[in-house]
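The values are calculated or read from the model by the stated rules, or taken from the named source; none is laboratory data. The structure presented is a predicted model; accordingly, all values stated were derived computationally and were not measured. Positions of Cβ are backbone-derived with ideal geometry, glycine not excepted, and every protein chain shown enters the neighbour counts.
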Amino acid sequence: MKKILSPIIGVVLCILSVASADAQTQVRVPGFKPSASGFRFTNSFPAIPYTINVAGINMSIGDASNGMCGGMVFAARDYYEAGYLTPPPNATPPTEGPLYTYLSRRLFDSFNLPGGPLTYLHLMNPDLPDHETWFSNAGLAPRGRAWVMIMQEWPKIKADLDRGRLSPMALIHVKDRDPFKMGQNHQVLAYGYTLNGNDLVINLYDPNHPGDDNVTISLNIGNPQRTTEVRSSTGRPVFCFFQPGYTYVEPPAPYYEVVAKHSGKCLDVEGGSNATANGARIQQWDCLGGANQQWQLIANGDGSYRILARHSGKALDVIGGVGPSGNGVKVQQWDYLSGANQQWLLTPLGDGSYRILSRHSGKALDVEGGPAATANGVKVQQWDYLGGANQQWFIRDVAPF
């Protein structure tokens, strides 16, 4: 009997294993990770009051010192869609200037006036059931929170993610009739999900947890009639969620200084801001704030970036095209032609600096002469990555960005 049952049991277990694997769906928005694509500064800003008008009444909902999560979430999606690199790890929360103004505007946009605050107040209302009732099923009362999440809001979020789009989410953290507690709720950005049967895990960029790739909420979506527990990896209670309406806004174009770790000098187009022609060589030089030392990093959609000089619009380019892959080939500026020798892979090294590798050769952006070469005018080349400080670069945003 054992000889007969053993293979049968084995087959059944195999079938169950395959069925379980087939039932699991995993989706991620290509190229987005909070540690690389979200803002890496904390959600902490100066004390500037915010008021919104709800049904003709001006209500204070706190101030920027309590955070600008909605603005950061909308802005992170804007930056991803624009293909811009978001501010680097050594950036601090802006207190003025274009980025601060832009985040403030996007914060107000995230309220989706006038309907957004009413949605918050409705889902915060302690009288709203977490489950369905006879009256709600009959259309005589509003749907409960579980139904709203599972049947109304999750399908919209899922549709975004399935199309490769980031999806903002508003999280209801409080049940209270007091409209002044609306600011205690939160916004996050969904960038993926895993669905195993009815068990759903949503991957989130959370402005309150910069650089954390492991923030999630999870719930079972099998029965919208019943109260559904939402578990958050951050430990905060989540009573409900909904998708705020998002419309793209062009973010302020960020420019950066690319600074050699060993010398503190800037990546510089030789000849100054008037050197706009193809073929101008790249060197290191004292950081003087010139446009020939300021660079725009634009994502190519495959994990690489093109690095464009602000003064000329030309790309950081390994001389000779995609053919020369040896050590010692110098770097210049050239019209961007989409060559792999004009595309660069950035890897954070954990101390705020980056390794920058040419996509065509896999070699590092390198200051010629090694870590001892700290003088102005030393040329930049490609070289095997050896871990030297002359091959490591800080990327600093240019004030007043």
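Before moving on, here are some points about what is shown:
- Qualifying residue in the range 130-141 (condition: closer than 22 Å to residue 79 by Cβ and either in contact with a helix residue (DSSP H, G or I) (Cβ under 8 Å, 6 or more places away or on another chain) or of a type in the set (Val, Ile, Thr) (or both)): no
- Considered as a group, the residues in the range 234-245 that are not in a loop (DSSP other than H, G, I, E, B) and not β-branched (Val, Ile, Thr) include one that is surrounded by the fewest Cβ atoms within 10 Å (Cβ to Cβ), and that residue is 242.
- Meets criteria (in the same structural domain as residue 121 (by TED's automatic domain parsing), under 15 Å from residue 237 (Cα atoms), hydroxyl-bearing (Ser, Thr, Tyr) and out of contact with any Phe, Trp or Tyr (no Cβ under 6 Å at 6 or more places or on another chain)) for residue 216: yes
Here is a yes/no grid of residues against (1) modelled with pLDDT under 95; (2) touching a Phe, Trp or Tyr at 6+ places or on another chain (Cβ under 9 Å); (3) of a type in the set (D, E, K, R):
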residue	(1), (2), (3)
144	no, no, no
157	no, yes, no
173	no, yes, no
180	yes, no, no
195	no, no, no
200	no, yes, no
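- The number of residues in the range 85-107 that are at pLDDT below 85 and either touching a Phe, Trp or Tyr at 6+ places or on another chain (Cβ under 8 Å) or within 29 Å of residue 356 (Cα to Cα) (or both) comes to 15.
- On inspection, residue 227 does not qualify as of a type outside the set (Lys, Arg) and either touching a strand residue (DSSP E or B) at 6+ places or on another chain (Cβ under 9 Å) or at pLDDT below 95 (or both).
- Of all the criteria given as (1) in contact with a Cys (Cβ under 7 Å, 6 or more places away or on another chain); (2) among the hydrophobic types (A, V, I, L, M, F, W, C); (3) assigned to a loop (DSSP other than H, G, I, E, B), the one not satisfied by residue 148 is (3).
- On inspection, residue 318 does not qualify as over 28 Å from the mean Cα position of the chain (by Cα), aliphatic (A, V, I, L, M), on the phi < 0 side of the Ramachandran plot and at pLDDT below 95.
- Options 210, 126: the member that is modelled with pLDDT under 95, out of contact with any helix residue (DSSP H, G or I) (no Cβ under 7 Å at 6 or more places or on another chain) and assigned by TED's automatic domain parsing to the domain that holds residue 44: 210
- Of the residues making up the range 127-145, those that are more than 22 Å from residue 245 (Cβ to Cβ) and in a helix (DSSP H, G or I) number 4.
- If you go through the range 239-274 and pick out every residue that is closer than 17 Å to residue 319 by Cα and of a type in the set (A, V, I, L, M, F, W, C), you end up with 2.
- Those residues of the range 211-231 which are touching a residue at least 60 places away in the same chain (Cβ under 8 Å) and farther than 19 Å from residue 33 by Cβ, in sequence order: 219, 221, 223, 224, 225, 226, 227, 228, 230
- Pairs with Cβ under 6 Å, 6+ apart, first in the range 141-163 and assigned by TED's automatic domain parsing to the domain that holds residue 116 and under 12 Å from residue 221 (Cβ atoms), second aliphatic (A, V, I, L, M) and assigned to a loop (DSSP other than H, G, I, E, B): 150/221
- Selected residue [under 20 Å from the mean Cα position of the chain (by Cα) and not assigned by TED's automatic domain parsing to the domain that holds residue 160] from 232, 304: 304
- Residue satisfying all of: in the range 49-84; surrounded by fewer than 20 Cβ atoms within 10 Å (Cβ to Cβ) and in a loop (DSSP other than H, G, I, E, B); modelled with the highest pLDDT among these: 83
- Residue in the range 349-359 that is within 19 Å of residue 31 (Cβ to Cβ) and among the charged types (D, E, K, R) present: yes
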